[in-house]
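**Q** Would you mind keeping the following structure in view while I ask a few things?
The values are calculated or read from the model by the stated rules, or taken from the named source; none is laboratory data. Just so we're clear, the structure is a prediction, and the values are computed from it rather than from any experiment. Positions of Cβ are backbone-derived with ideal geometry, glycine not excepted, and every protein chain shown enters the neighbour counts. For accessibility, only protein heavy atoms count, side chains too; no ligands or nucleic acids. Shrake-Rupley method; radii C 1.70, N 1.55, O 1.52, S 1.80 Å.
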Amino acid sequence: MAMFFELSEEQMEINRLARDFTNEEILPVASKYDEEEEFPVDVMDKLRECGLFNLAVPEIYGGPGVDKMTHSLIVEQIARGCAGIATSVEANSLASYPILVGASEELKKKYLHRITYEGQYASFALTEPGAGSDVAGLSTTAERKGDHYILNGDKCFITNASYANYFVVLAKEKGAENKFTAFIVDRDLDGVLIGKKEKKMGLRASNTASVTFEEVAVPVCNRIGNEGDGFKIFMKALSYARPMVGAQAVGIAQGAYDAALAYAKERKQFGKAISQFQSIQFMLADMSMNIEAARLLVHKAVYLLAKGKPSAVNSSYAKCFAADTAMEVASDAVQIFGGNGYIREYPAEKYLRDAKIMQIYEGTNQIQRVVIAKEILA
Ligand code: CAA
């Protein structure tokens with residue numbers, strides 16, 4: 001089997017574009033959006049203008065049509081600047097996956113065009129107050145009545161919910177044990193209620209809110225796939241999305257490492273730069289080595305996606321390892337910054353706060369290990 005570790009000219013070009021965008025448009029404002037807990041509408045608009053948005057959407061539906069490797073490179077670059085902004089960008093990708101995986105051509109055109117040509121936002125609505133890791137435990141119900149389904153239930157922790165024009169929702173057939181169906185629910189339908197915005201530890205530029213469906217009448221034509229297909233459609237969607245969470249985590253780790261390396265070269269103690277002490281050098285060496293390993297796992301998972309063979313286990317390896325790496329590297333970055341690492345004037349502590357959610361969302365790292373263990377014991 002041939003293995004290539006080089007990017008194509010085009011991939012390098014887009015990576016440079018994303019890197020420059022991050023350096024010029026994200027890094028200078030990351031701390032402001034974090035501090036003010038404000039959704040960065042202007043940065044989102046600029047990302048759209050530069051073709052760095054709706055990354056999962058193929059060109060035929062108005063997306064940038066980038067390959068999966070390029071998608072991951074862009075996500076890594078944006079997250080290096082601000083993971084809250086990367087998460088906000090990736091919410092549209094996440095909502096696109098169930099549509100791309102299971103929707104009819106008509107639905108794909110209608111709803112993907114809305115996020116690409118019309119500049120709309122979409123949210124992936126899976127998690128509920130009583131169903132986080134245990135997806136099958138969800139209690140939002142769908143009941144068919146003529147040419148509509150009536151949806152009732154609560155979704156929580158929904159990224160971009162306050163801005164979303166539609167929601168991609170997983171619901172359970174009312175009265176049935178294990179029959180899950182996926183729907184696209186327009187925000188302006190009667191009974192769609194957006195809850196309060198959450199105040200978070202990290203990712204504070206991103207918008208997170210709950211959504212309640214109260215007797216919402218969703219047209220049958222907004223069903224994704226067939227009745228009962230929803231669970232697998234959502235699980236497949238997560239297999240596409242998890243490597244990109246891995247890419248976000250690598251971006252956080254890279255950003256924290258870059259900041260720590262620069263600081264270690266500048267900061268003097270005992271008459272020399274702290275980078276000249278072996279204790280700091282070994283920390284930096286481990287950080288750099290683990291980032292490289294995490295990136296390679298992400299690239300392997302992304303390569304499988306690009307081949308049209310999404311692998312749940314490789315997606316879990318990438319997401320889990322990269323998230324753990326981001327946490328370790330960000331923690332070491334704070335350590336290298338010392339007291340300055342603990343105050344908000346310096347960049348290190350934000351990376352640590354942002355890294356933590358990487359181990360939690362899109363399947364906790366415990367759930368990733370469940371997926372891996374199932375595969376190796378099958
Ligand atoms: N691809 C295709 N099919 C899959 C699949 C995959 N990746 N994973 C499971 N399936 C199929 C199984 O093959 C099985 O099919 P059969 O019944 O035909 O055998 C069926 O789905 C049920 O699978 P399991 O028995 O494994 O289901 P389970 O109830 O034990 O759950 C789980 C599995 C891995 C724990 C799953 O519930 C899970 O991933 N939980 C984590 C939830 C999660 O990731 N939430 C993220 C929320 S979104 C978010 O965080 C985004 C954000 O805000 C930014």
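**Q** Give the cross-link partners of K265 among the aspartates and glutamates, using a straight C-alpha distance below 16 Å as the criterion and excluding same-chain residues fewer than 8 apart.
**A** D332
**Q** Then there is this: Go through K46/K199; K197/K307; K300/K356; K196/K350; K179/K307 and tell me which ones have a Cα-Cα distance over 28 Å in this structure.
**A** In this structure, K197/K307; K179/K307 lie more than 28 Å apart at Cα.
**Q** With θ taken as phi - 60° and the coefficients 6.51, -1.76 and 1.60, list the Karplus ³J(HN,Hα) couplings across the stretch 64-72 in order, rounded to whole Hz; mark glycine and proline as x.
**A** Listing the rounded values in order: x, x, 6, 6, 5, 5, 4, 3, 5 Hz.
**Q** From the phi of every residue in the stretch 245-260, what ³J(HN,Hα) in whole Hz does the Karplus formula 6.51 cos²θ - 1.76 cosθ + 1.60 yield, where θ is phi - 60° and glycine or proline is x?
**A** 5, x, 5, 4, 5, 4, x, 4, 4, 5, x, 5, 5, 4, 5, 5
**Q** Mind checking which of F234, A333, I274 is farthest towards the positive end of the stretch 232-377's charge dipole, using Cβ charges of +1 (Lys, Arg) and -1 (Asp, Glu) about the Cα centre?
**A** F234
**Q** Work out the length of the dipole vector of the stretch 1-96 about its Cα centre, built from +1 on the beta-carbon of each Lys and Arg and -1 on the beta-carbon of each Asp and Glu, and round it to the nearest 20 debye.
**A** The dipole magnitude comes to about 240 debye.
**Q** Per residue, how many Å² of accessible area does the stretch 9-116 show with a 1.4 Å probe?
**A** 37 Å²
**Q** Go ahead and set up a Gaussian network model of the chain, Cα springs under 10 Å, then flag whichever of I224, I360, I291 fluctuates most.
**A** Sorting by GNM fluctuation, first place goes to I360.
**Q** While we're looking at this one, here's another question. Per residue of the stretch 175-190, in order, report the coupling 6.51 cos²θ - 1.76 cosθ + 1.60 (Karplus, θ = phi - 60°) as ³J(HN,Hα) in whole Hz, putting x for Gly and Pro.
**A** Ordered by residue, 3J(HN,Hα) equals x, 9, 6, 9, 10, 9, 9, 9, 9, 9, 10, 5, 5, 7, 6, 4 Hz.
**Q** Sticking with this one: Set the bar at 31 Å for Cα to Cα. Now go through K109/K145; K109/K374; K32/K309 and name every pair that lies beyond it.
**A** Table pairs above 31 Å Cα-Cα are K109/K374; K32/K309.
**Q** Below 8 Å, C-alpha to C-alpha, sequence gap of six or more: please give me the relative contact order for the chain in percent.
**A** Reported as a whole number, the value is 16 percent.
**Q** Roughly how many Å is it from the Cα centre of the stretch 15-93 to that of the stretch 280-324, as a whole number?
**A** Here the two parts' Cα centres lie 20 Å apart.
**Q** Here's a follow-up. Rank these by accessible area, largest first, 1.4 Å probe: I280, I343. Before the final figure, lay out the partial values.
**A** Values: I280 25, I343 70 Å².
These residues rank, largest area first, as I343, I280.
**Q** Just the accessible area for S279, please: 1.4 Å probe, Å², rounded to the nearest 10?
**A** 80 Å²
**Q** Right, next: How large are Rg and Dmax for the stretch 13-68 when only the alpha carbon atoms are used, in Å?
**A** Using the Cα atoms of the stretch 13-68, the pair Rg, Dmax is 12.7, 39 Å.
**Q** Any idea what the dipole of the stretch 232-377 comes to, in debye rounded to 20, about its Cα centre with Lys/Arg Cβ at +1 and Asp/Glu Cβ at -1?
**A** 460 debye
**Q** Roughly how many Å² of I99 are accessible to a 1.4 Å probe, to the nearest 10?
**A** The accessible area of I99 comes to roughly 0 Å².
**Q** Between A326, A306, A273, which gets the highest mean-square fluctuation from a Gaussian network model of the chain, Cα cutoff 10 Å?
**A** A273
**Q** Now, a different point. Could you state the angle between the C-alpha long axis of helix 278-306 and the longest principal axis of the C-alpha atoms of the chain, as a value from 0 to 90 degrees rounded to the nearest 10?
**A** On a 0 to 90 degree scale, this one is about 30.
**Q** Ok, one more. What relative contact order, as a whole-number percentage, does the stretch 232-377 give when Cα pairs under 8 Å and 6 or more residues apart are counted?
**A** 33 percent
**Q** Sticking with this one: In debye to the nearest 20, how big a dipole does the chain give about its Cα centre with +1 on each Lys and Arg Cβ and -1 on each Asp and Glu Cβ?
**A** Here the size comes out at about 720 debye.
**Q** In the chain, once you exclude exposed trypsin sites (Lys or Arg not before Pro) (DSSP loop, at most 10 other Cβ within 10 angstrom), what's the longest stretch remaining?
**A** 1-198
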